[in-house]
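Here's the structure we're looking at; comments come further down.
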């Protein structure tokens, strides 16, 4: 689940007023999909919070997707990564803002799981109606991604 809160908490996400679990979907330059877990501290394009209602529709769609593939663990860090594994089994690259657990901040999303068979935007026609809240980046998913790299490669 990307987000399961009330509209009042959505306003805190939009305004970045306090820490709250919040995930968003993104597309890379070859059409692969990823989910980024922000904890509302990491880089997120403004477009992902354009509409509370549309975001909730996207969240509901993702909850209905079937398991598509195996998930490959990419991190060596200890932890419970069940949610990231589920995302990867749906075909999404799964990233986390692991800086929340670090004293030395790296300003990056860490790849937690990758799908054995990545889901592509072209394979998921239902996602096309959400393109106004799904950012595209001019890079390829699969490695740790610096916030600055995401900002620089965000297609406007």
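Treating only the Cα positions of the range 1-77 as identical point scatterers, give the base-10 log of I(q)/I(0) from the Debye formula at each q in 0.14, 0.19, 0.27 Å⁻¹. The computed values of log10 I(q)/I(0) come out as -0.52, -0.91, -1.44. Of the candidates 142, 91, 79, which one comes out as most mobile in a Gaussian network treatment of the chain with C-alpha springs shorter than 10 Å? In the Gaussian network model the winner is 79. From the coordinates of this entry, Cα extents along the principal axes in Å is computed, and it appears in (1) 37, 37, 30; (2) 57, 37, 35; (3) 130, 26, 14 under the label (1). With viscosity 1.567 mPa s and temperature 4 °C, the Kirkwood radius over alpha carbon pairs of the range 108-156 converts through Stokes-Einstein to a diffusion coefficient of 105 µm²/s.
Any read-out appearing in this document is the output of simple, stated calculations on the displayed coordinates, not a laboratory observation. Quantities reported herein were computed from a predicted structural model and do not represent experimental measurements.
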